[in-house]
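Colleague: One structure coming up, written as structure tokens, with questions to follow.
The values are calculated or read from the model by the stated rules, or taken from the named source; none is laboratory data. Note that the structure is a prediction, hence the values are computed from the model and not measured. Glycine gets a Cβ as well: all are built from the backbone with ideal geometry, and neighbour counts include every protein chain shown. Only protein heavy atoms, including side chains, enter the accessible area calculation; ligands, DNA and RNA are left aside. Shrake-Rupley method; radii C 1.70, N 1.55, O 1.52, S 1.80 Å.
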Amino acid sequence: MTVDEIRLLIANDRIDKFYNRRAWRRKSKQILKRDNNECQIHKRRGGYARARNVHHIKELKDFPELAYDDENLEAVCIRCHNELHPEKLERFRKKEKEFTNEERW
Ligand SMILES: [Zn+2]
Ligand SMILES: [Zn+2]
């Protein structure tokens, strides 16, 4: 996937398509292995948690050219990852609310 293609996905709010790509799955597996399946944020705080996600240190939407850059990727656990992306949770909550309203009507 080229940087322009990623930019297009970002513009269309379809970044999920990037994460579903085989190239990303392969890359994230490689990063999890590199980081020993250990959450790097927990590790920096002197703790341990099993990593499940791979995080873009410089956000994908701001730095699509770093999408597959090893230096920009780190293994994180789901809890830390959610803390890193509060805006995603917010959006999810909003969607849920809208959905509830729809149901009511
Ligand atoms: Zn992330
Ligand atoms: Zn963590």
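Colleague: If you scan the stretch 61-105, which residues turn out to be modelled with pLDDT under 95, within 16 Å of ligand 2 (Cβ to nearest atom) and either at positive phi or not in a helix (DSSP H, G or I) (or both)?
Modeller: Residue satisfying the conditions is His85 alone.
Colleague: Among the residues of the stretch 27-43, which ones are more than 10 Å from Glu74 (Cβ to Cβ) and open to solvent by 70 Å² or more (accessible area, probe 1.4 Å)?
Modeller: Residues satisfying the conditions are Lys29, Gln30, Lys33, Asn36.
Colleague: Is it the case that the stretch 47-59 has a residue that's within 16 Å of ligand 2 (Cβ to nearest atom), modelled with pLDDT under 95 and under 26 Å from Ala11 (Cα atoms)? Give the derivation first.
Modeller: First, pick out the residues of the stretch 47-59 that are within 16 Å of ligand 2 (Cβ to nearest atom): 47-57.
From the residues that got through so far, the ones that are modelled with pLDDT under 95 too are none.
No, the stretch 47-59 contains no residue that is within 16 Å of ligand 2 (Cβ to nearest atom), modelled with pLDDT under 95 and under 26 Å from Ala11 (Cα atoms).
Colleague: For the stretch 1-53, which fully contained helices (runs of 4 or more DSSP H) count at least 3 residues that are free of Cβ contacts under 8 Å to residues at least 40 places away in the same chain, in contact with a strand residue (DSSP E or B) (Cβ under 6 Å, 6 or more places away or on another chain) and not aliphatic (A, V, I, L, M)?
Modeller: Working: elements: 3-11, 16-20, 22-34, 40-44.
Answer list for the stretch 1-53: none.
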